[in-house]
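Engineer: Okay, handing you the structure first.
Please treat every number below as a calculation from the coordinates, not as lab data. In this text the structure is predicted, and so the values were computed from the model without any measurement.
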Amino acid sequence: MKITKKWLLQHKACCSKEDMDRAEKELKGDITLICDALLKEDRFDDANWLIVKFMNKKQGVQYAIFAAKQVLNIFEKEYPQDKNPRLAIESAEIYLKNPCEKTRDAAIRAANAVLYTAANEVADAAFYAAAYAVHAAAYAASAAANAAYAAGAADKVVDVVADAAFYAVRAAANATRATMKDKIIKNGLKILKGGK
């Protein structure tokens, strides 16, 4: 998993030529070193994009679930009666253990229930972001399982997985945001290297 200037150009990375040269030469194309440097520069979105580009579908769903779990308590503290976000995460986890049409459909229903909740009940941006992160995790599972997407499936899953991490960070309080960014990126690197 070596990151080169050529790879960054092929994948339309939003960074300067200087950043590309630095990634390839100074940071030796090592994804861990590059993500650490990006986090130090408060460039979570870039680190998140980079990690997700290397993930397969299963890893992407694992990453989305992890991000969503980081903010589930934020949502449940404000809406303790609403179990849809928790059910969406559980549905995505069930899909990972048993990827089939039945579990995919359950993940789709759970994801849609979270969006319905967010659209109709959630006024605060942080709680909406938490709900959206959970929706993205369940939707990542359903999109990863849906063969009908065919050629476009990989790009769609990449977008949804990146959204889960982005909205999780957005939902976090300012005081914990930096810690959450670091935690999510470190987990993504661990998943990429074969850990859970």
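Engineer: Which translational diffusion coefficient, to the nearest whole µm²/s, is obtained for segment 8-139 from the Stokes-Einstein equation, given a Kirkwood hydrodynamic radius over C-alpha pairs, 37 °C and 0.692 mPa s? Intermediate values should be presented prior to the final figure.
Structural biologist: Working: Rh = 16.3 Å.
Taking Rh from Cα pairs, D becomes 201 µm²/s.
Engineer: For Asp30, list long-range residues whose amide hydrogen, built 1.01 Å from N in the peptide plane, is under 5 Å from its own amide hydrogen.
Structural biologist: Ile3
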